[in-house]
Amino acid sequence: MNPIKHVAIIMDGNGRWGIKKRKSRNFGHKQGLKSVEKIIKETLKKKIRFLTLYAFSTENWKRPKNEVNYLFSLLDNFLSNKIKELHSQKIKFVVLGKKKFNKKLNNLLNYSEKLTSNNKKLQINLALNYGSKSEIINAINNLKKKKLQINESNITRNLYTKNTPDPDILIRTGDRKRLSNFLLWQLAYSEIFFEKKLWPDFNEKDYNNILNKFKKTKRNFGKI
Ligand code: FPP
């Protein structure tokens, strides 16, 4: 049985879900946050050490302003209301990506990271203003500045995900089969699960089905 240390998720389909319900795309995002909470709980229960969630890509800035603002207000409310609870559950909160938001949100993100920095039960990496190609370029530039060799372990150590093992599992909901500039380096040997359900419909049972399938998968890492 394969142990599971790290699950990464592309939470796709909120907008379509909102429209399908004859409401707005933002309504879908609001509902998507409920799935986030369910999956965090289940990840804790399963004693998985790392969970990486793709919440906002560098390309998502191109969305209408009202949607971008709504997503950040959801995040702001979520952290303002829940960070103490996450802290008490020994969850460590880490942002992957450059923090270039409004001052209030930047401060809240920094505060949340600092408050939870010594927690060891579950690390939640929230990919925000994240793009994998620029993460890799950033790592290589760091190495050049430090006059270090450009090799696999040095690049790995200079990614936003430093100190995080590579994901065992990538889940993408929303019936799209692409990686969307997410963890391109780190996913080299991950098992990928594409899920038809839209993110707001994704629940604990769907998650456990994937975890169970993964446990039975033979992983070769290039060997036979
Ligand atoms: C993709 O769905 C989802 C996002 C770009 C945002 C993810 C945000 C959440 C799950 C809720 C907020 C989370 C936090 C942590 C505050 P989409 O809108 O691209 O879906 P579509 O393909 O239907 O358009």
Exercise for the section: Report whether or not P200 is part of a loop (DSSP other than H, G, I, E, B), under 17 Å from the mean Cα position of the chain (by Cα) and surrounded by 19 or more Cβ atoms within 10 Å (Cβ to Cβ). Expected result: no
Problem - Selection from the range 4-15 of residues that are in contact (Cβ under 8 Å) with a residue 60 or more places away in the chain and either over 26 Å from S88 (Cα atoms) or out of contact with any Phe, Trp or Tyr (no Cβ under 8 Å at 6 or more places or on another chain) (or both) - result: I10, D12, G13, N14
Exercise for the section: Go through the range 1-16 and count every residue that is near the ligand (Cβ under 9 Å from one of its atoms), of a type in the set (G, A, S) and either at positive phi or in contact with a strand residue (DSSP E or B) (Cβ under 7 Å, 6 or more places away or on another chain) (or both). Expected result: 1
Problem - Among (1) away from the ligand (no atom under 15 Å from the Cβ); (2) in contact with a helix residue (DSSP H, G or I) (Cβ under 6 Å, 6 or more places away or on another chain) - the single one L108 does not satisfy - result: (1)
Practice task
Starting from the range 16-32, keep only residues that are in contact (Cβ under 8 Å) with a residue 60 or more places away in the chain, then list their pairs with residues that are β-branched (V, I, T) and near the ligand (Cβ under 8 Å from one of its atoms) whose Cβ atoms are within a distance under 8 Å, requiring at least 6 positions of separation or different chains.
Solution key: G28/I19
Problem - Per-region count, the range 45-78, residues more than 8 Å from the ligand (Cβ to nearest atom) and under 15 Å from the mean Cα position of the chain (by Cα) - result: 6
Exercise for the section: Could you give me the residue pairs with C-beta distances under 7 Å whose first residue belongs to the range 187-216 and is of a type in the set (S, T, N, Q), whose second residue is within 14 Å of the ligand (Cβ to nearest atom) wherever it lies, and which are 6+ apart or on separate chains? Expected result: N203/K38
Fill in the blank from the handout: Given (1) within 22 Å of K205 (Cα to Cα); (2) modelled with pLDDT of 95 or more, S112 misses just (1)
Practice task
Take I19 and decide whether it is modelled with pLDDT of 95 or more, within 8 Å of the ligand (Cβ to nearest atom) and among the β-branched types (V, I, T).
Solution key: yes
Fill in the blank from the handout: Of those in the range 67-82 that are closer than 16 Å to K103 by Cα and among the polar types (S, T, N, Q), the residue surrounded by the fewest Cβ atoms within 10 Å (Cβ to Cβ) is N77
Exercise for the section: May I ask you to verify whether V36 is part of a helix (DSSP H, G or I), in contact with a strand residue (DSSP E or B) (Cβ under 7 Å, 6 or more places away or on another chain) and hydrophobic (A, V, I, L, M, F, W, C)? Expected result: yes
Exercise for the section: Output the residues belonging to the range 203-216 that are surrounded by 12 or more Cβ atoms within 10 Å (Cβ to Cβ) and closer than 14 Å to L170 by Cα. Expected result: D206, Y207, N208, N209, I210, L211, K213, F214, K215
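The values are calculated or read from the model by the stated rules, or taken from the named source; none is laboratory data. A quick note: this is a predicted structure, and the numbers were derived from the prediction, not measured. Reconstructed Cβ throughout: ideal geometry from the backbone, glycine too, with neighbour counts over all protein chains shown.
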